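Report on the structure given below.
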Amino acid sequence: MKRLKMLVSAAIVGVMALSIVGCGLVEKTPEAKEKTVLATVDKEKITKADLDKAMISITDYLKYSLGEDYLSSEEGKSAYLTYAESNLDVLVAQEVLLKKAKEMKFEATDEEVQTMVEETKATYESEEDYQEVLKTLGFTDETVLDYFEEQIIMSKLLDDMFKDIEVSDDEVKAYYDEHKEEFTQNPGANMAHILVADEATAKEVKTKLDNGGDFAALAAEYSSDGSAQSGGELGFVTYENSGMIAEFIDAAKVMGENEISDPVKSQYGYHIIKTTNLVKEATVTPLEDVSSEIKESLLEEKKNALYTENLEKWKKEYNVKTYPEKIEELISEK
């Protein structure tokens, strides 16, 4: 997904809402619905209109996958509510970060904003494509500058927040020693199969393979399961894999490198199995081969922990209030 689409993927679409006036119920006007407050950050309000705009790509997806009237089904309501509540949290977090960033005097220069504009445009095939996305998401060339400015300011806040975070070699080694199983390759092999319904077809396929037929091509032609689309590939399968049927594993574990089995019968039909890249004994990946991966993972953990800690602290500081129940009310009244 293009960068601009990713940046604006958090939002909410408000639907029907009712207000009590005197002893009767009066339907809100579209203008009143747009002003429905779903969260507050200090004195700033996040309204239905704000969320409606930001959730355009999500609602388009729901319409595409579930139909234009997706909110008329329980499946559509449930999916919408899940997206809406999580995206409301995202918008609240963005508002908190932006407020704190401005308070700490972080700024974005015109040059920085223009650079982000050019980098974003470069992800599109043409200026027309870029403009079409802006239009779809409710931006103009002018208003998107404000959006990019806010993104830069928040990024500077996060960079400042994380600037002192480090992961030592001792921490990397400690993690490695405590999680050896994550870096252990148990006995197994890369496996592929061709699954057919009857023995006669299985023998026909095996004969073609014995005569030099291409395994992947024959899997695509004959195999009856989803792996046919990838030439029968199942990936690396350990011999102790409890998710594979016993007949399949029993046959595979005695096969050699680049060997193709005779038809193997199971409850699903007949399998012709191919094994490559055999691992006969459990092997542990050396620390030096995974140290950078571990370090990056631990770094992200520390960043996430600090981010969550600060965000919760700032939410209290700015007296954040959210009203997710209003989302459900709007859906129920659709």
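Summed over the stretch 120-162, residues that are touching a residue at least 12 places away in the same chain (Cβ under 8 Å) and of a type in the set (D, E, K, R) total 4.
Put simply, of 165, 194 the only residue that is in contact with a helix residue (DSSP H, G or I) (Cβ under 9 Å, 6 or more places away or on another chain), farther than 24 Å from residue 281 by Cα and part of a strand (DSSP E or B) is 194. May I ask you to say which residue of 75, 68, 107 is farther than 25 Å from residue 154 by Cβ and not in a helix (DSSP H, G or I)? After applying the criteria, what remains is 68.
Residues that are β-branched (Val, Ile, Thr) and over 18 Å from residue 255 (Cα atoms) within the stretch 180-234 comprise 184, 196, 201, 205, 207, listed in sequence order. Contact map, the stretch 289-313: first residue under 28 Å from residue 180 (Cβ atoms), second residue among the small types (Gly, Ala, Ser), Cβ cut-off under 7 Å, separation 6 or more or different chains; the map is empty. When residue 62 is tested against (1) closer than 30 Å to residue 97 by Cα; (2) touching a residue at least 40 places away in the same chain (Cβ under 8 Å); (3) assigned to a helix (DSSP H, G or I), just one condition goes unmet, and that condition is (2). Only one of the numbered conditions (1) modelled with pLDDT of 95 or more; (2) among the β-branched types (Val, Ile, Thr); (3) more than 30 Å from residue 111 (Cα to Cα) is not met by residue 153, and that is (3). Restricting 208, 203 to those that are in contact with a strand residue (DSSP E or B) (Cβ under 9 Å, 6 or more places away or on another chain), closer than 30 Å to residue 241 by Cβ and modelled with pLDDT of 95 or more reduces the list to 203. In the stretch 185-200 there is at least one residue matching the filter, namely being within 30 Å of residue 303 (Cα to Cα) and at pLDDT below 95. The residues of the stretch 223-232 that are over 16 Å from residue 200 (Cα atoms) and surrounded by 17 or more Cβ atoms within 10 Å (Cβ to Cβ), listed by number, are 227, 228, 231, 232. With the structure loaded, tell me whether residue 173 is at pLDDT 95 or above, of a type in the set (Lys, Arg), surrounded by 14 or more Cβ atoms within 10 Å (Cβ to Cβ) and assigned to a helix (DSSP H, G or I) or whether it fails that test. No: the conditions fail for residue 173. In the set 216, 220, 200, 189, only one residue is of a type outside the set (Asp, Glu) and surrounded by fewer than 14 Cβ atoms within 10 Å (Cβ to Cβ); that residue is 200. Restricted to helices (runs of 4 or more DSSP H) entirely inside the stretch 198-275, those with at least 1 residues that are farther than 29 Å from residue 186 by Cβ are 199-210, 215-222. What number of residues within the stretch 298-327 satisfy the criterion of being part of a helix (DSSP H, G or I), of a type outside the set (A, V, I, L, M, F, W, C) and over 18 Å from residue 166 (Cβ atoms)? Adding up the residues that qualify gives 9.
Among the residues of the stretch 110-125, write down those that are touching a helix residue (DSSP H, G or I) at 6+ places or on another chain (Cβ under 9 Å) and assigned to a loop (DSSP other than H, G, I, E, B). If the condition is that a residue be touching a helix residue (DSSP H, G or I) at 6+ places or on another chain (Cβ under 9 Å) and assigned to a loop (DSSP other than H, G, I, E, B), then 123, 124 are the ones that fit.
Of all residues in the stretch 35-59, those being surrounded by fewer than 20 Cβ atoms within 10 Å (Cβ to Cβ) and part of a strand (DSSP E or B) number 5.
The values are calculated or read from the model by the stated rules, or taken from the named source; none is laboratory data. These numbers were taken from a predicted model, which means no experiment stands behind them. Quick reminder, even Gly has a Cβ in these numbers, built from the backbone with ideal geometry, and neighbours come from all protein chains shown.
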